[in-house]
Amino acid sequence: MATELQNLSLYDPNSTPQGEGKRIGIVVSEWNRPVTGNLLNGAVTTLQRFGVRQEDIVVEHVPGSFELTYGAKKLIEKMNLDSVIVIGCVIQGETPHFTFVCESVTQGVTDLNLQHDIPVIFGLLTTNTLEQAKARSGGRHGNKGDEAAITALKMIALNEKYR
């Protein structure tokens, strides 16, 4: 497992671009709120640590992970943003619903990245258990929200490099 080899919250601050003057949208699922709330807090705290002002972070909540891509699409279309992060958590259950939601969000984020000229960052936890989700939302494996924020800053820099 990738997180067994690397903590999601570990990054080299010297290789992370600063975020002053950047506007970042975050679309967060209300489903599994204790987990997604921790992911959101990690992302916001990390963005602020690298200079993104609170007023330049636009947060929208959607009911579930399936709705993340629609929320991201609306932010891209209606807001002047440098990046959008989608945050959610899908935990394996007894039905194929897990697979359908995970595949849909993955494809939706890929499509948004191909259709628009701002990076859309995949911050969706896809775990087998609640314990695994907790371990990746501020627990022993760090916080995927931190990782998503760092990814957003790096992808903004890449996008600006080739404009």
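The charge dipole of segment 11-163, taken about its Cα centre with unit charges on the Cβ atoms of Lys, Arg (+1), Asp and Glu (-1) only, comes to about 240 debye. Distance between the pseudo-spin-label points of Glu55 and Thr129 (7 Å out from Cα toward the beta carbon): 4.6 nm. Computed from Cα positions, the angle between helix 144-161 and the longest principal axis of the chain comes to roughly 40 degrees. Let me make sure I get this right: for segment 67-163, a, b and c are the square roots of the gyration tensor eigenvalues over alpha carbons, sorted descending. Under 1.5 in a/c it's rounded, otherwise prolate if a/b > b/c, else oblate. Which is it? Taking the square roots of the gyration eigenvalues as a ≥ b ≥ c, segment 67-163 is oblate.
When a 1.4 Å probe is rolled over the protein heavy atoms, the share of accessible surface on the chain that falls to carbon and sulfur comes to 53 percent. Taking every lysine pair in the chain that is 8 or more places apart or spans two chains, those with Cα atoms closer than 27 Å amount to 19.
Of Glu30, Glu67, Glu103, the residue with the greatest mean-square motion in the GNM of the chain, using alpha carbon springs below 10 Å, is Glu103. Taking every alpha-carbon pair under 8 Å whose residues sit at least 6 apart, the chain reaches a relative contact order of 32 percent. Using a Gaussian network model on the chain with a 10 Å cutoff between Cα atoms, which of Thr95, Thr110, Thr129 fluctuates the most? Among Thr95, Thr110, Thr129, the largest GNM mean-square fluctuation belongs to Thr95. Surface exposure of the chain, expressed per residue as accessible area with a 1.4 Å probe, stands at 52 Å². For Leu114 and Asn41, the FRET efficiency from 1/(1 + (r/R0)^6), where r spans their Cβ atoms and R0 equals 30 Å, is about 0.50. Here the chain carries DSSP beta bridges of which approximately 10% are antiparallel, counting only pairs with both residues inside.
Across q = 0.08, 0.10, 0.15, 0.18 Å⁻¹, the chain modelled as identical point scatterers on its alpha-carbon atoms has Debye log10 I(q)/I(0) values of -0.21, -0.32, -0.75, -1.09, in the order of the q list.
The values are calculated or read from the model by the stated rules, or taken from the named source; none is laboratory data. All values derive from a computational prediction rather than experimental measurement. No Cβ is skipped: glycine too gets one built from the backbone with ideal geometry, and neighbour counts run over all protein chains shown. Keep in mind that these areas ignore ligands, DNA and RNA; they rest on the heavy atoms of the full protein, side chains included. Shrake-Rupley method; radii C 1.70, N 1.55, O 1.52, S 1.80 Å.
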